[in-house]
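One structure is given below, encoded as structure tokens.
Quick note: the coordinates plus some simple rules give every number you see, no bench work behind them. As the structure is a computational prediction, the values presented were derived from the model and not from experiment. Heads up, the Cβs are rebuilt from the backbone with ideal geometry, glycines too, and the neighbour counts pull from every protein chain shown.
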Amino acid sequence: MNDFLKNAVSGVQLLQPYQPGKPVEELERELGISNAIKLASNENPLGPSKKAISAAQEVIGDVNFYPDGAGHKLSLALAQKHGVQQACITLGNGSNDILELIGRAFLSVNSSAVYSEYSFAVYPLVVQAVGAEARVAKAFPADHEKMPYGHDLNDIYEKISTTTRVVFIANPNNPTGTWFEADELTAFLTKVPDQVLVVLDEAYFEYMPEELKPDTSTLLSQFKNLLITRTFSKIYGLAGLRIGYSISHPDVADILNRVRQPFNTNMPAQAAALAAIDDQAHIDNSSSLNALGLKQYAKAFTQMNLKFIPSIANFISVNVNKNAMPVYEGLLREGVIVRPVASYNMPDFLRITVGNEEQNNRVLTALKKVLQET
Ligand SMILES: *Cc1c(COP(=O)(O)O)cnc(C)c1O
């Protein structure tokens with residue numbers, strides 16, 4: 001028993017730490033192999049943009065100085081990209097940092113937050129850490145015609161109570177890859193009371209087909225209580241640098257800024273992100289490769305008679321028709337790291353990041369072998 005647990009604040013006493021994907025080096029050390037692949041954390045198989053690497057390298061010699069705490073150049077470029085005022089942008093040490101800031105600024109033991117079943121693990125962490133009540137909406141059922149396991153925006157709306165200060169929704173959602181359409185989102189935002197902050201997590205926005213992308217600047221001008229989070233960790237391939245941001249009404253950004261660490265985003269990350277925004281070719285290549293990979297998995301799973309959740313993100317969750325933990329472990333022995341999602345209450349599923357064609361083939365070959373053995 002941890003002696004200090006009783007001294008921790010009550011929300012923290014009940015927390016379970018976030019389980020990250022297993023690092024490649026750890027598996028290689030354990031198995032004594034050298035060719036493991038990790039498709040467990042939705043990282044970009046093409047790596048970062050070359051422009052981003054050079055930009056980070058250019059500033060690395062200046063890191064005796066503190067970074068620009070407000071990240072002026074980057075936030076200006078982001079404001080221009082999104083057609084909003086610079087005061088709408090808040091930079092975060094990953095978009096995860098923004099989610100934390102929202103918890104600290106808007107939630108307490110006297111309030112509640114709403115999110116869906118099968119949604120990103122960080123929402124419950126942020127809510128529980130400050131002792132707020134989590135009001136968890138039902139997702140669409142597994143046999144739903146249109147969007148199995150997807151967010152049911154009606155039930156999310158129904159779960160909002162007088163104590164609710166924040167609603168977290170993700171489009172597309174992790175770990176399901178599911179989405180909702182722009183008009184469904186607008187109808188939802190129209191109903192939600194003005195004083196409830198709606199956090200729309202768009203970590204995988206750039207992977208979405210054009211026709212499904214909601215119009216960011218129109219939505220923000222229409223709904224003062226909307227905050228959108230984006231990240232450089234996924235399609236931009238900068239997960240290791242930790243940089244993300246939110247776009248919100250300046251009044252909301254002002255509040256986040258009060259709890260933000262003065263230097264929450266680092267100098268190489270700001271420089272790399274600024275350069276990455278302009279490398280449209282890298283984004284286009286990453287998104288085309290991903291679309292091919294999603295098709296490759298869908299085709300293979302269908303041939304293997306495995307059900308999967310249709311995804312528009314850079315990962316796909318597949319039902320292995322049995323407890324997925326031994327399958328996950330079998331894949332590890334083949335040098336393939338994917339993500340079990342039992343902690344999301346999806347014990348029969350594995351979430352697989354879309355890699356390049358060769359990596360995807362390796363996953364599929366290993367999966368066929370392991371499914372026969374388990
Ligand atoms: C990966 C992810 C994030 C954020 O990651 P950061 O690296 O902290 O920017 C946020 N939301 C969802 C749904 C994600 O999958």
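Exposure proxy ranking for ILE309, ILE283, based on other Cβ atoms within 10 angstrom of each Cβ and starting from the fewest, stands as ILE283, ILE309.
With N set to the number of residues, divide the alpha-carbon radius of gyration of the chain by 2.2 N^0.38 Å and report two decimals.
Ratio of Rg to 2.2 N^0.38 Å for the chain: 0.98.
In the structure shown, the pairs LYS81/LYS307; LYS38/LYS191; LYS50/LYS73; LYS73/LYS146; LYS146/LYS322; LYS234/LYS307 are assessed against 31 Å; a Cα-Cα span above that value is assigned to LYS81/LYS307; LYS38/LYS191; LYS73/LYS146.
With Cα atoms defining each centre, the range 59-125 and the range 135-178 are spaced 22 Å apart in the structure.
Helices that extend 30 Å or more along their long axis by alpha-carbon positions and average at least -1.0 on the Kyte-Doolittle scale are, among the DSSP H runs of the chain, 280-303. Net charge within 12 Å of SER112 by Cβ-Cβ distance, Lys/Arg positive one each and Asp/Glu negative one each, not counting SER112 itself? Neighbourhood net charge equals +2.
Footprinting exposure proxy ranking of ARG104, ARG351, fewest other C-beta atoms within 10 angstrom first, gives ARG104, ARG351. Measure out, as a whole number of angstrom, how far apart the alpha-carbon centroids of the range 1-16 and the range 318-374 sit. Answer, in whole Å: 33. From largest to smallest, the equivalent ellipsoid semi-axes obtained for the range 123-257 from the alpha-carbon gyration tensor read 21, 20, 17 Å.
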